[in-house]
Every structure is written in C-alpha cells, then in structure tokens.
C-alpha cells in the first residue's frame, strides 16, 4: 500500500526533509509530526524521522525501537513497506552499541519482512543494506560496528537536490516531494538536517 502523501504526519516529515539549510524549522516539523500522530502507523513514521536526527547512539536506538514497536502494531498492509527498513535501522543501532546478538535478530527480521516487498528500486536498496549489515555482523571486531549508517531512503533522489524554502513551501510542492520520495520506487533519500530529542 503506497504511503499517502496527504497524511498530515507524512506531509510534515516531507516538509522537514526538504527544508535544506533550515535545521531549526526541520526539527520543529518533525516534532510536530510526532505530536500529530493519530495511530501506530503515524507514530512509526514520525519516530523513524526523529531517530535519524538524534545526537547520540542511545537516543537513536530509543527512537528506532519506538518506530518498530509502533509499526508492529499496525494491522493492515500499511506496515509492509516500512518494516524492512525499520528493522534494518534498529539492527544497525544495536550493532553500533555492540549488542551483536540483538542486531542479528533484527537483521533476520528485516530479511524476512523484505519478502513481502514488490520488486523494484526500494526493495533492492533495502536488500543491499541488509547484506552489508549481515557482512558486518559476520565480522569479528567491534570496531566495524560504528562505521556505516544503513538507513531508510538513504540514497539521493531528485528531491535531495530540490530546494524548497521553509516555511513557505506550498502544500502542492510538499505533496509532490512526498510522492517522489515515497511512491516512485527509486526515491530513496533522507535529509539529515536536525538533531533533537522529543520526550514521549
């Protein structure tokens, strides 16, 4: 089931992603998305974006865990596209903290949930991320654990090079950005432009 660009939480996160050069505004939009969550699906999306903007590995782990916990509670097909990448992010967070066995568990869950994704660029990206993480898990040194961040929508797309000024981006431009980011299949990017911790 495609991610709905008219969902207010999705629109807020997309607006935060495209606020290039305005970290304060991006942070505010991600916080708004978390506050605007209406169900577990919304919470999973908002927590995912907040996880990527944390200043410490422990805070990143906390938000990645929230994202997975909320996504696992979603009972319809909306969770299908999210779970593989959320499991991957959680596994990577655990690996960075040296929690190898837990990281292996969630890497396996990422691989299992990947089978439900349709063929395409997004599935290929996540599969590559899982393979890289499993290669790191097969290694024997803890030094490898903090080197590479494997994250949802990581590779660049047209949206990554498109400047939408904040807070004046129109709803139409934001919806176009969301569609490119989430529905095109090859829109795989994140904007790392804010760092915040939002209490539960």
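The values are calculated or read from the model by the stated rules, or taken from the named source; none is laboratory data. Owing to the predicted nature of the structure, the values given are computational and were not obtained by experimental measurement. All Cβ positions, even for glycine, are placed from backbone atoms using ideal geometry, and neighbour counts span all protein chains on display.
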Residue 164 vs. criteria modelled with pLDDT under 95 and not in a helix (DSSP H, G or I):
yes
With criteria (1) crowded, with 19+ Cβ neighbours inside 10 Å; (2) at positive phi, residue 86 comes up short on (2)
What residue, among those in the range 1-30 that are more than 20 Å from residue 82 (Cβ to Cβ) and surrounded by fewer than 24 Cβ atoms within 10 Å (Cβ to Cβ), is modelled with the lowest pLDDT?
20
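Against the condition under 21 Å from residue 72 (Cα atoms), modelled with pLDDT of 95 or more and touching a helix residue (DSSP H, G or I) at 6+ places or on another chain (Cβ under 7 Å), how does residue 90 come out, does it pass?
So residue 90 fits the description; yes.
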Just for the range 112-153: of the residues that are in a loop (DSSP other than H, G, I, E, B) and surrounded by 18 or more Cβ atoms within 10 Å (Cβ to Cβ), which one is modelled with the highest pLDDT?
150
Wholly within the range 1-111, helices (runs of 4 or more DSSP H) carrying at least 3 residues that are free of Cβ contacts under 8 Å to residues at least 40 places away in the same chain and over 16 Å from residue 126 (Cβ atoms)
8-17, 23-35, 40-51, 57-72
